[in-house]
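Beneath this line is the structure, given in structure tokens, with notes to follow.
The values are calculated or read from the model by the stated rules, or taken from the named source; none is laboratory data. This one's a predicted model, so the numbers in the text were calculated from it and none came from an experiment. All Cβ positions, even for glycine, are placed from backbone atoms using ideal geometry, and neighbour counts span all protein chains on display. Ligands, DNA and RNA are excluded from the accessible area calculation, which covers all protein heavy atoms including side chains. Shrake-Rupley method; radii C 1.70, N 1.55, O 1.52, S 1.80 Å.
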Amino acid sequence: MLDRVMTKLRDGEIDEAFADKARKEEHAIKRMCSEANDNHMKRMNNGECAFDQGVAYVEILNSLNRIANHLTSIAEATLLL
């Protein structure tokens, strides 16, 4: 997603169709992160994962969500240029 947004931005090729695709990818990433978080919580509850590892894992998922959100925001803002 990052490579596509940056390439399209550099080449000035971001249009509404690309922004829609970025939105869909963002939602897919959010769903995958939510599912991964749910599975992680099950592992934590079953004692299969240490607390320290769990904190790092959740932070990574949150960062992925934020990156996807920022990339979609870049694609949408470029439409206004």
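Return the residues of region 21-71 that are under 15 Å from the mean Cα position of the chain (by Cα) and acidic (Asp, Glu); say none if nothing qualifies.
GLU25, GLU26, GLU35, GLU59, listed by residue number.
Yes or no: region 57-64 includes at least one residue that is in contact (Cβ under 8 Å) with a residue 60 or more places away in the chain, open to solvent by 60 Å² or more (accessible area, probe 1.4 Å), within 16 Å of ASP3 (Cα to Cα) and out of contact with any Pro (no Cβ under 9 Å at 6 or more places or on another chain).
No, region 57-64 contains no residue that is in contact (Cβ under 8 Å) with a residue 60 or more places away in the chain, open to solvent by 60 Å² or more (accessible area, probe 1.4 Å), within 16 Å of ASP3 (Cα to Cα) and out of contact with any Pro (no Cβ under 9 Å at 6 or more places or on another chain).
Can you name every one of the helices (runs of 4 or more DSSP H) wholly within the chain that holds 3 or more residues which are among the small types (Gly, Ala, Ser) and at pLDDT below 95?
Fully inside the chain and qualifying: 16-45, 51-79.
Considering region 2-55 alone, what residues qualify as being in contact with a Ser or Thr (Cβ under 7 Å, 6 or more places away or on another chain) and without any contact (Cβ under 8 Å) to a residue 60 or more places away in the chain?
Residues satisfying the conditions are ALA22, ARG23, GLU26.
Within region 17-56, work out how many residues are in contact with a Cys (Cβ under 8 Å, 6 or more places away or on another chain) and either open to solvent by less than 40 Å² (accessible area, probe 1.4 Å) or closer than 17 Å to LEU2 by Cβ (or both).
Residues flagged as in contact with a Cys (Cβ under 8 Å, 6 or more places away or on another chain) and either open to solvent by less than 40 Å² (accessible area, probe 1.4 Å) or closer than 17 Å to LEU2 by Cβ (or both) within region 17-56 amount to 1.
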